[in-house]
Structure formats: structure tokens, C-alpha cells
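In what follows, a structure is listed as C-alpha cells, so that the remarks can point back to it.
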Amino acid sequence: MSKTFSQAESGIDQTADAIKQGANDAIGKLQNGVDELSRAAPAALSRAAAQVEDLTQRTMERARQAGTQVREQANRAGDVAVGYIKDEPMKAVLIAAAAGAIAAGIFAWLTRSSDSRR
């Protein structure tokens, strides 16, 4: 019986050793993964920061271009309006007066409507 007990004890020791070895292997793999991640993280963050900076620069350039286009269109519209006023001064005055009258009417209607609600 002591031989059987000794064999069982030997089997338990082997199993315990195998479990320890498996745990050590798993810990080693985990440590390697953590080390690899700690080496890769700064590079990934650096790439992300560079991409954000690039996107910011492109967005700012597009905003500048859009501002320039709006300015140019406003200048052209102003030139067209000035040309129209020079060519048709009486018509331009009548159009301006009509637009002013419409704006005043809308303003009066809005203020009257808000007064009647109170």
C-alpha cells in the first residue's frame, strides 16, 4: 500500500509541477504582452497625434480658402450692385425703398403680434 501511496504522491507532485510550469508560462506570456504593448503604445500615440495635427492643419487651410472665396464673392456682388446702381439709379432707389418698406412692415407686424400676446 505504501507503494501505491508513494506513486500517488509522485503523481500529485508531477501535476503540481506541471501546474506551476503552466502558470509560469502564462505569466511569462502575459509579461511579454505587457512589455510589447508598453513599447507599441508611445508609437501609436505619436502617430495619432501626428494625424490629429495633420487634420487640424488641413481643416485650417480649408477654412482659410473658404474665407477667401466668401470675401471674393462678396466683393463681386458689391461690384455688381454698384454697377447696377450706376446704370439704373432710379430703379435702384425704388428697389431700396420697396425693400425698406417691406422690412418696416414685417418689423411692425412682428412687434404688434408680440404685444397682442401679452
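What follows is calculated from the coordinates using simple rules that are stated; it is not laboratory data. Note that the structure is a prediction, hence the values are computed from the model and not measured. When we count neighbours, we look across all protein chains shown, and the Cβ atoms used for this are built from the backbone with ideal geometry, even at glycine.
Potential lengthening of the chain between LYS20 and ALA98 amounts to 18.7 nm, from the contour at 0.36 nm per residue minus the alpha-carbon distance. Relative to the Cα centre, the charge distribution of the chain, modelled as +1 at Lys and Arg Cβ and -1 at Asp and Glu Cβ, gives a dipole magnitude of about 840 debye.
So what is the diffusion coefficient of the chain in µm² per second by Stokes-Einstein at 4 °C and 1.567 mPa s, using a Kirkwood Rh over Cα pairs? Using the Kirkwood radius from Cα pairs, D works out to 54 µm²/s. What residue among ALA103, ALA41, ALA81 has the largest mean-square fluctuation in a Gaussian network model of the chain, using Cα springs under 10 Å? Taking springs between Cα atoms under 10 Å, the residue moving most is ALA103.
Can you compute the FRET efficiency between ALA108 and ALA77 using 1/(1 + (r/R0)^6), with r the Cβ-Cβ distance and R0 = 41 Å? Round to the nearest 0.05. In this case the efficiency is close to 0.90. Stretching GLN31 away from ARG64 to a fully extended chain increases their span by 6.9 nm, per 0.36 nm per residue minus the current alpha-carbon distance.
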